[in-house]
Structure formats: structure tokens, C-alpha cells
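Enquirer: Mind having a look at this structure? Questions to follow.
The values are calculated or read from the model by the stated rules, or taken from the named source; none is laboratory data. Note that the structure is predicted; figures quoted are calculated from it, not measured. Ideal geometry is used to build each Cβ from the backbone, glycine not excepted, and the neighbour counts take in all protein chains shown. Surface areas here come from the heavy atoms of the whole protein model, side chains and all, with no ligands, DNA or RNA. Shrake-Rupley method; radii C 1.70, N 1.55, O 1.52, S 1.80 Å.
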Amino acid sequence: MDKIIVHGGHTLSGAVKISGSKNSALPILAAALLTREPCVIHCVPDLSDIHYMLQILSHLGAQVERASGTVQIQAENVSTTAPYEIVRKMRASVCVLGPLLGRHKEARVSLPGGCVIGDRPIDLHLKGFRALNAACRVEAGDVKVFAGELKGSTMNLEGRQGPTVLGTGNVLMAATLAEGITVIEGAAAEPEVVDLAQFLIKMGAKIEGAGTRRITVEGVKELHGAEHSVIPDRIEAGTFLVAAALAGREVTLRRVNSEHLNAVTNVLSESGFQLNIQKDTITVKGNGAPRPVDIITEPYPGFPTDMQAQMCALLSRADGQSSVTETVFPQRFMHVSELKRMGADIAIEGATARITGVPKLSGAPVMASDLRASAALVLAGLVAEGTTEVHRVYHIDRGYESIDEKLMGLGAEIQRVKQSAST
Ligand code: UD1
């Protein structure tokens with residue numbers, strides 16, 4: 001298990017290129033299961049979650065070839081059972097259910113467990129499959145879905161915590177090959193759902209309304225191969241924006257889609273940072289202490305839950321009291337206790353973190369608990385006095401392509417140290 005050591009106090013400047021989106025790439029790679037023909041996907045980031053997905057596809061029988069950021073997948077003949085040993089490593093494995101059900105009318109995948117950001121059910125995915133005339137059962141820890149015939153229908157996938165991103169994608173993939181018209185009300189409108197829909201349309205699917213809360217699908221008999229470039233990762237981009245706001249003089253992000261980042265750039269502007277926003281680049285200037293802000297996480301186009309931990313790190317240095325309320329994953333505050341060990345003043349009240357800015361953070365050994373929490377700790381380390389050791393950084397490698405190298409390219413002093421499994 002590697003650890004990352006951050007020596008705080010170095011100013012960031014220069015430019016950084018943003019990688020392809022992990023959360024877009026995962027369901028898009030799974031969507032290649034919908035056809036016998038080859039699919040070519042570009043801008044696929046080099047991340048452990050992507051490796052797990054490619055392992056699952058290979059295990060299912062697909063031919064997978066990868067050359068730098070391009071992946072070619074041909075799923076000529078595939079089985080329909082994904083094994084626990086691989087699936088358990090990544091919750092997003094669940095998104096092979098939709099394409100397998102669509103094409104083979106059956107699929108069996110280990111049921112994902114909870115994780116540190118909260119209980120993560122898949123009831124809404126199953127609700128959607130049932131609405132398509134599939135039966136869903138849990139057997140020996142696996143979820144099994146099957147149908148004689150998939151039939152389009154109208155359903156509402158909105159849950160208590162709002163829409164579901166992977167659930168919308170999963171049902172959308174199955175519906176492309178269902179008979180008749182499917183209407184998904186309460187659909188997630190995230191850019192990653194739109195990207196998936198665009199790939200499916202290139203494969204021959206008939207989809208309208210992706211990016212709105214109502215998606216309509218007209219089922220087709222079969223899909224064909226297609227080529228697609230994954231959109232830039234808006235969460236990686238947002239994380240670098242916060243790094244620059246915390247520790248930067250002037251940092252430019254290249255290969256971004258600025259429109260996808262409106263909620264984050266609005267908050268940074270409100271917090272007093274100067275931003276130069278172009279269609280595919282954003283430059284941010286650091287200017288000392290951020291102004292306090294109040295943030296509520298919401299489904300897109302609201303402020304993303306995946307940027308919440310990083311904002312907690314930034315607002316720990318604000319000049320006054322801020323609040324961060326989590327509505328998508330109300331228990332997602334594991335990073336707070338670690339930030340407090342670095343000197344942050346944060347109190348949790350229900351699903352709200354009340355953050356009183358402090359003039360300095362101090363380096364400390366800290367433990368990464370999940371993907372975005374670990375990014376927040378690295379960011380805090382950039383401005384902390386002394387040295388911060390972030391342990392269990394395998395979390396960060398799930399979602400950030402070469403984050404240490406990219407930050408070092410901007411002037412940060414960071415080392416990655418190999419550790420034995422017992423540490
Ligand atoms: C995706 C993202 C994740 C992001 C999240 C919310 C991927 C690989 N991951 O996760 O980074 O934080 O969207 O933007 O794309 N829920 C249910 N029942 C379900 C499904 C979800 O109650 O069947 C609840 C969840 O517990 C959560 C909320 O709905 O409270 C949103 O979750 P969802 O959008 O499904 O998250 P993921 O798609 O798993």
C-alpha cells in the first residue's frame with residue numbers, strides 16, 4: 001500500500017491537462033457488451049477502477065486491447081456472470097447488469113456492499129429493470145436479473161436522495177434493446193449520463209432527452225460498433241481548481257468542459273478567486289484566504305457531492321465560517337476527522353459540516369478513507385506547515401490519473417512511497 005508524502009508550502013503555477021472522466025468511461029466500457037462488433041473508446045483514464053472494469057469485461061469473454069488512452073473492446077460471445085473476486089473491488093461493476101440484460105436477457109453480478117460514504121443500495125436500478133419486464137432476485141450474495149423479453153415502459157427512477165447516476169445509465173443501456181418505448185422519469189442529468197447516451201446513439205440506439213430529467217428510448221433490434229472519446233473529468237478538474245485556489249499563483253486547466261464545472265467555478269468566484277473561464281480551459285489565481293461560503297451538494301447541475309471533501313479542505317483556510325451540507329450522501333464526512341488532525345476547525349451537525357477557517361493547517365499522518373476524501377487530504381497537505389503523510393492512497397489511484405505527477409508538474413513537492421501491505 002503506497003503512501004503519499006506532501007511537503008507543504010510550495011506555490012503552484014503552470015498548466016495541467018485533465019484526463020478523461022472515470023465516471024463516464026466506466027459505463028461506456030460496459031456498454032460495449034451490447035454489441036458483437038468492436039467498439040473503440042478514446043480518452044480512457046489509466047486508473048485502477050478502469051482496470052477492474054476491463055478485467056470484468058475480459059472475464060465475461062470480451063476481447064480487450066488497450067494502447068495508452070484508447071481501448072478496443074469486442075464482445076462477440078460473452079457469458080452473463082461476473083465473479084465476486086473482481087466485482088467486489090468496485091461498486092461500479094454493477095453497470096454491466098444493464099447491457100447484459102439488454103443483449104442476453106439475463107445477468108448475474110455480485111451485489112455491491114456498502115462503502116464508507118454510506119449505504120449504497122441498487123434498489124432503483126432493479127426498479128428500472130423490473131419496469132422493463134425483468135425479474136430480479138438476490139441469490140447467494142449475487143443479484144440475478146432475467147427476462148423472457150424486455151418491454152419498454154414508463155418508470156420513475158427518482159429516489160429519496162434524488163436521481164441515480166449509474167442506475168439511470170444501467171436502465172438506459174438495457175432499454176436500448178427492449179421492445180417498444182421506454183420513458184425514464186426522474187432520470188439523472190449528469191454529463192456522464194449524456195456522454196453514455198451519446199455513445200449509445202453512435203451504436204444505433206434511439207435516445208432523446210439525455211441531460212434532462214426525462215429520457216425517452218425507442219428500442220432497436222440490435223446495436224453496432226462505434227468509436228467515442230470520453231468527456232474530460234469534471235471532478236478531477238474541480239480538484240485541480242481547488243488545489244490552485246489553495247496553493248496556486250496562477251494555474252491553467254487544459255482539456256476541460258467549463259460548462260460542466262459551473263457549480264464549482266461559481267462557488268470559487270463567490271469565495272473571492274479570479275477565474276478566466278474559456279470553453280475548454282480555466283485559469284484560476286490564488287489570492288490568499290478564501291471568503292467563507294455556504295454550499296449544498298445536489299444532483300447536477302447543483303454542486304457535486306464528489307467535490308464536497310475538497311471544498312472542506314479549502315474552506316478550512318477561509319476567513320470566517322462556512323457550511324457544507326451533503327444531500328446526496330448524508331454520511332459522507334469521513335475526511336473531516338482527518339482534516340481536524342491537521343488543525344481544521346470543523347463541527348458536524350447532521351448532514352452539515354460547519355467550518356471555521358483557521359490561519360494555518362499543520363502537516364500530520366492521515367488516513368485516506370475514500371477516493372475524494374484522499375484528494376482533500378492531499379490538497380490540505382499542499383498548504384499545511386510541514387509534512388503530511390497520506391496513507392492508503394490506493395483510494396486516490398481509483399480516480400485520479402497520476403495526481404502526484406500532475407501536482408509536481410505544477411511545483412508541488414510530493415513523494416510516493418511504497419509500503420508493505422501490513423502498514
Ligand atoms: C455516481 C458516481 C459517484 C457520485 C454519485 C453521485 C460513478 C461511478 N459514481 O455514483 O462518484 O458520487 O454518482 O453523483 O459514476 N441510491 C438509492 N438507490 C439506488 C441507487 C442510488 O437509494 O438504487 C441513492 C444513493 O445511496 C445516493 C443517491 O441515490 O444517496 C445517489 O446515488 P447514485 O447517483 O446512484 O450514485 P452512483 O451512481 O452509485
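Enquirer: Looking only at GLY167, GLY20, GLY180, which one moves most when the chain is put into a Gaussian network model with springs between Cα atoms under 10 Å?
Expert: Top of the fluctuation ranking is GLY180.
Enquirer: In square angstrom, rounded to the nearest 10, how much accessible surface does GLU259 have for a 1.4 Å probe?
Expert: Roughly 130 Å² of GLU259 is accessible to a 1.4 Å probe.
Enquirer: Select from VAL64, GLY288, ILE4 the residue farthest towards the positive end of the dipole of the chain; place +1 on Cβ of Lys and Arg, -1 on Cβ of Asp and Glu, and compute about the Cα centre.
Expert: So the residue furthest toward the plus end is ILE4.
Enquirer: List the equivalent ellipsoid semi-axes of the chain in whole Å, largest first, each obtained as the square root of 5λ for an eigenvalue λ of the Cα gyration tensor.
Expert: Ellipsoid half-lengths, sorted descending, are 37, 21, 20 Å.
Enquirer: Quickly estimate the mean residue ellipticity at 222 nm for the chain, helices only: each DSSP H run with n ≥ 4 gives -39500 (n - 2.57), and the total goes over all residues, rounded to 500.
Expert: It comes out at -9000 deg cm²/dmol, rounded to the nearest 500.
Enquirer: Considering only GLY128, LEU47, GLY343, whose Cα is most displaced toward the positive end of the charge dipole of the chain, charges sitting on Cβ of Lys, Arg (+1) and Asp, Glu (-1)?
Expert: It is GLY343, whose Cα lies furthest towards the positive end.
Enquirer: Another one. Any idea of HIS51's accessible area? Nearest 10 Å², probe 1.4 Å.
Expert: Only protein atoms counted, so the area is about 80 Å².
Enquirer: If you stretched the chain out fully between THR11 and SER269, how much longer would it get, using 0.36 nm times the residue separation minus the C-alpha to C-alpha distance?
Expert: Length gained between THR11 and SER269: 90.9 nm.
Enquirer: Also, quick follow-up: Is there a quick way to get the dipole size of the chain? I mean about its Cα centre, with the Cβ of Lys and Arg at +1 and of Asp and Glu at -1; what is the value in debye to the nearest 20?
Expert: I would put it at about 240 debye.
Enquirer: Moving on. With a 1.4 Å probe and every protein chain left in place, tell me how much accessible area ILE346 has, in Å² to the nearest 10.
Expert: 10 Å²
Enquirer: Mind checking the angle between helix 48-60 and the chain's longest principal axis? C-alpha axes, 0 to 90 degrees, to the nearest 10.
Expert: Between the helix axis and the principal axis of the chain, the angle is about 10 degrees.
Enquirer: Here is a follow-up. Using a Debye calculation, one point per C-alpha and no hydration shell, please list log10 I(q)/I(0) for segment 274-370 at q = 0.23 Å⁻¹ in order.
Expert: Debye output, listed in q order: -1.23.
Enquirer: Of the beta bridges DSSP finds with both residues in segment 337-423, what % are antiparallel, to the nearest 5?
Expert: 55 percent
Enquirer: Averaging over every viewing direction, what projected area does the convex hull of the Cα atoms of segment 330-391 cover, in nm²?
Expert: With every direction weighted equally, the projected area is 3.8 nm².
Enquirer: What residues from segment 9-48 fall in the zone where the backbone N is under 13 Å from a label point 7 Å along the Cα-to-C-beta line of GLU65?
Expert: 38-41
Enquirer: Let me ask another. When the chain is modelled as a GNM with alpha-carbon springs shorter than 10 Å, which of GLN310, GLN278, GLN72 fluctuates the most?
Expert: In the Gaussian network model the winner is GLN278.
Enquirer: Mind listing the long-range amide H neighbours of ILE282? Cut-off is under 5 Å, sequence gap 5 or more, other chains count too, H placed in the peptide plane at 1.01 Å from N.
Expert: Answer set, sorted by chain and number: LEU253.
Enquirer: Go ahead and set up a Gaussian network model of the chain, Cα springs under 10 Å, then flag whichever of GLY350, GLY209, GLY363 fluctuates most.
Expert: Among GLY350, GLY209, GLY363, the largest GNM mean-square fluctuation belongs to GLY350.
Enquirer: So if each residue of separation counts as 0.36 nm, and I subtract the Cα-Cα distance between ASP345 and GLN415, what length gain in nm does that give?
Expert: Contour length minus Cα-Cα distance gives 22.5 nm.
Enquirer: Can you give the alpha-carbon Rg of segment 22-229 over 2.2 N^0.38 Å, where N counts its residues?
Expert: It is 0.91.
Enquirer: On full extension of the chain, what length is gained from SER48 through ARG255, given 0.36 nm per residue of separation minus the C-alpha to C-alpha distance?
Expert: Computed gain between SER48 and ARG255 is 72.3 nm.
Enquirer: Which whole-number percentage describes the relative contact order of segment 22-229, with Cα contacts under 8 Å and a sequence gap of 6 or more?
Expert: 20 percent.
Enquirer: Right, here's the next one. Can you give me the relative contact order of the chain as a percent, contacts being Cα pairs under 8 Å and 6 or more apart?
Expert: For the chain, the relative contact order is 21 percent.
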